[in-house]
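Enquirer: To start, I am sharing the structure in question, which I have written as structure tokens.
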Amino acid sequence: MNNKQSSQALRILVTGGAGFIGSAVVRHIIRDTADHVLNLDKLTYAGNTESLLEVSDDPRYRFVQADICDRGALDAILADFKPQAVMHLAAESHVDRSIDGPAAFIETNIVGTYTLLQAVRAYWETLTSLDKDVFRFHHISTDEVYGDLHGPEDLFTETTPYAPSSPYSASKASSDHLVRAWRRTYGLPCIVTNCSNNYGPFHFPEKLIPHVILKAIHGEPLPVYGDGRQIRDWLYVEDHARALYRVLREGSVGETYNIGGHNEKQNVDVVKAICALLDELHPQSPVTPHAQLITFVKDRPGHDLRYAIDAGKIERELGWVPEESFETGLRKTVQWYLDNRHWWQRVLSGEYTLQRLGA
């Protein structure tokens, strides 16, 4: 859908818009639609305004540094910007980090979502009936709330029972329940999406794919948890951004949509694919072949074995399918990290330097 041609422009408040998925959403909206965006981000360790340089000068884009746990700040922002939609992506998101320090996940993902819901509800209740009908609160979540799959053919659907395994996934499950409760109890027009593992440009390097790319570029051992046979469904982040916008514009209030990439891969095979691409795209590396760097390490506590999304509902009802295969998306991702050393070198100049978390 080309919103510039087909739909009235909206004012969209995006929380967590300086994060990995959030920045992809903001770039998509500003680049491909006529909508206005206010990006609200606390700028924790994973928030990076450099991921938004291509849109930062656009008059339809605004940035405010604020915390979703700060009710006063939220009330002021909502009153000033008067959004017609909220896309809620602000969250602590790394399983390993949640094992080391769960408190931040409880605070941001549960208390923060509650605080945001209360602020948005108070704002929404001041709107006219017509504006209330237009308004949407879109909560972006994860497939990890479902726990793990044990059979080789099973898939997560929108009705799969929740069984979170980590402090991270438990906090996201809690936030999902809060959003649905605010829909049922107060009538707030909410939509929930649950996605599979994202990858792509501007990804903070604590996550598997950017972590392995940068470790390999540095010629360091590539840690693979356990036997590496854990299975994840991979979704290119720009495909996800397009899906999220489609849901916001065309999804039905009260519904849940699972978003997946149809790309189930064992973790060890993902690492091997990255190594093969670096052998091709980075032949001057002194450690070619890069697969010699693969090192099996102690598994993560409570590690889920398999995730896989059934994304049939969003395809049937909203016509969304991913544009990238895993092979095309991974090639673009590896090339991006090779071409954008300045971005990740600045990221690694901070507290995080590719060390293992959650051991």
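Enquirer: Since Arg246 meets every condition but one in (1) farther than 28 Å from Glu153 by Cβ; (2) in a helix (DSSP H, G or I), which condition does it not meet?
Expert: Arg246 satisfies every listed condition except (1).
Enquirer: Determine whether region 50-60 contains at least one residue that is charged (D, E, K, R) and buried (at least 21 other Cβ atoms within 10 Å of the Cβ). Can you show your working first?
Expert: Step one: of region 50-60, the residues charged (D, E, K, R) are 50, 54, 57-58, 60.
Checking the rest, the ones that are also buried (at least 21 other Cβ atoms within 10 Å of the Cβ) come to none.
The answer is no, given that none of the residues of region 50-60 is charged (D, E, K, R) and buried (at least 21 other Cβ atoms within 10 Å of the Cβ).
Enquirer: Within region 279-297, take every residue that is aliphatic (A, V, I, L, M) and more than 13 Å from Glu220 (Cβ to Cβ) and give me the one that is surrounded by the most Cβ atoms within 10 Å (Cβ to Cβ).
Expert: Within region 279-297, the subset aliphatic (A, V, I, L, M) is 281, 287, 291, 293-294, 297.
From what's left, more than 13 Å from Glu220 (Cβ to Cβ): 281, 291.
Working: Leu281: 14, Ala291: 16.
The extreme case among them is Ala291.
Enquirer: Could I ask something else about it? Do any residues in region 32-48 that are closer than 22 Å to Ala76 by Cα have Cβ atoms under 6 Å from those of residues that are in a strand (DSSP E or B) and of a type in the set (A, V, I, L, M, F, W, C), where the two are at least six apart or on different chains, and which pairs are they?
Expert: Asp35/Ile12; Val37/Ile12; Val37/Val14; Leu38/Leu13; Asn39/Val14; Asn39/Phe63; Leu40/Val64
Enquirer: Scan region 304-350 residue by residue and report those that are acidic (Asp, Glu), more than 16 Å from Asn198 (Cβ to Cβ) and either touching a Gly at 6+ places or on another chain (Cβ under 7 Å) or part of a loop (DSSP other than H, G, I, E, B) (or both).
Expert: Restricting attention to region 304-350, the residues satisfying the condition of being acidic (Asp, Glu) are 304, 310, 315, 317, 323-324, 327, 339.
Adding the requirement that they be more than 16 Å from Asn198 (Cβ to Cβ) leaves 304, 310, 315, 317, 327, 339.
Result: Asp304, Asp310.
Enquirer: Now for a different question. Quick one: how many residues across region 57-82 are assigned to a loop (DSSP other than H, G, I, E, B) and touching a strand residue (DSSP E or B) at 6+ places or on another chain (Cβ under 6 Å)? Quick ask: steps written out before the conclusion?
Expert: Applying the first criterion (assigned to a loop (DSSP other than H, G, I, E, B)) to region 57-82 yields 57-60, 66-70, 82.
After this cut, where a residue has to be touching a strand residue (DSSP E or B) at 6+ places or on another chain (Cβ under 6 Å) as well, the list is 60, 66, 68.
Selection size over region 57-82: 3.
Enquirer: Within region 228-243, which residues are aliphatic (A, V, I, L, M) and within 16 Å of Asp310 (Cα to Cα)?
Expert: So the first thing to find is which residues in region 228-243 are aliphatic (A, V, I, L, M), and the list is 231, 235, 237, 241, 243.
Across region 228-243, the qualifying residues are Ile231, Leu235, Ala243.
Enquirer: Further, regarding this structure: Return the residues of region 125-164 that are in contact (Cβ under 8 Å) with a residue 40 or more places away in the chain, among the polar types (S, T, N, Q) and surrounded by fewer than 20 Cβ atoms within 10 Å (Cβ to Cβ); say none if nothing qualifies.
Expert: Thr157
Enquirer: Within region 288-303, how many residues are part of a loop (DSSP other than H, G, I, E, B) and either polar (S, T, N, Q) or touching an Asp or Glu at 6+ places or on another chain (Cβ under 9 Å) (or both)? Steps first, answer last, please.
Expert: Taking region 288-303 as the starting set, the residues that turn out to be part of a loop (DSSP other than H, G, I, E, B) are 288-289, 298-303.
From what's left, either polar (S, T, N, Q) or touching an Asp or Glu at 6+ places or on another chain (Cβ under 9 Å) (or both): 288-289, 299-300, 303.
Selection size over region 288-303: 5.
Enquirer: Right, another one. Taking the stated definitions as given, is Val192 among the aliphatic types (A, V, I, L, M), buried (at least 21 other Cβ atoms within 10 Å of the Cβ) and touching a Lys or Arg at 6+ places or on another chain (Cβ under 8 Å)? I'd like the intermediate steps shown before the answer.
Expert: Values: among the aliphatic types (A, V, I, L, M): yes; buried (at least 21 other Cβ atoms within 10 Å of the Cβ): yes; touching a Lys or Arg at 6+ places or on another chain (Cβ under 8 Å): yes.
Criteria met by Val192.
Enquirer: I've got another one for you. Kindly evaluate Arg11 against the criterion of being basic (Lys, Arg) and under 27 Å from Ala173 (Cβ atoms). Steps first, answer last, please.
Expert: Numbers: basic (Lys, Arg): yes; under 27 Å from Ala173 (Cβ atoms): no.
No.
Enquirer: A further question on this structure: Could you go through region 74-96 and let me know if any residue there is at pLDDT 95 or above, crowded, with 16+ Cβ neighbours inside 10 Å, on the phi < 0 side of the Ramachandran plot and of a type in the set (Ser, Thr, Tyr).
Expert: Within region 74-96, not a single residue is at pLDDT 95 or above, crowded, with 16+ Cβ neighbours inside 10 Å, on the phi < 0 side of the Ramachandran plot and of a type in the set (Ser, Thr, Tyr).
Enquirer: Only one residue in Gly261, Gly329, Gly350, Gly302 is of a type outside the set (A, V, I, L, M) and at positive phi, so which one is that?
Expert: Numbers: Gly261 fails: at positive phi; Gly329 fails: at positive phi; Gly350 fails: at positive phi.
Just a single option satisfies the conditions, and that option is Gly302.
Conditions tested, residue by residue: (1) over 15 Å from Asp233 (Cβ atoms); (2) modelled with pLDDT of 95 or more; (3) out of contact with any helix residue (DSSP H, G or I) (no Cβ under 6 Å at 6 or more places or on another chain); (4) in a helix (DSSP H, G or I).
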position	(1), (2), (3), (4)
Ala119	yes, yes, no, yes
Tyr123	yes, yes, no, yes
Leu149	no, no, yes, no
Pro164	yes, yes, no, no
Leu178	yes, yes, no, yes
Phe202	yes, yes, no, no
Glu206	yes, no, yes, no
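Enquirer: Check region 111-131 and report whether any residue there is touching a Gly at 6+ places or on another chain (Cβ under 7 Å) and either farther than 19 Å from Ile68 by Cα or among the β-branched types (Val, Ile, Thr) (or both).
Expert: So far as region 111-131 goes, no, none of its residues is touching a Gly at 6+ places or on another chain (Cβ under 7 Å) and either farther than 19 Å from Ile68 by Cα or among the β-branched types (Val, Ile, Thr) (or both).
Enquirer: Now for a separate question. Six or more apart or on different chains, Cβ atoms under 7 Å: show the pairs whose first residue is in region 205-229 and under 23 Å from Gly47 (Cα atoms) and in contact (Cβ under 8 Å) with a residue 40 or more places away in the chain and whose second is of a type outside the set (Lys, Arg) and assigned to a strand (DSSP E or B).
Expert: Close Cβ pairs (under 7 Å, with a partner that is of a type outside the set (Lys, Arg) and assigned to a strand (DSSP E or B)) amount to Ile209/Tyr199; Val212/Leu222; Lys215/Leu222.
Enquirer: May I pose another question? Six or more apart or on different chains, Cβ atoms under 9 Å: show the pairs whose first residue is in region 71-82 and without any contact (Cβ under 8 Å) to a residue 60 or more places away in the chain and closer than 14 Å to Thr126 by Cα and whose second is part of a helix (DSSP H, G or I) and hydroxyl-bearing (Ser, Thr, Tyr).
Expert: Asp75/Tyr123; Ala79/Tyr123
Enquirer: In addition: For Ile29, are the conditions met, namely being farther than 26 Å from Ser349 by Cβ and in a strand (DSSP E or B)? Break it down into steps so the answer makes sense when it comes.
Expert: Working: farther than 26 Å from Ser349 by Cβ: yes; in a strand (DSSP E or B): no.
So Ile29 does not fit the description; no.
The values are calculated or read from the model by the stated rules, or taken from the named source; none is laboratory data. Model, not experiment: these values are computed from the prediction. Every residue, glycine as well, gets a Cβ built from its backbone with ideal geometry; the counts of neighbours run over all protein chains shown.
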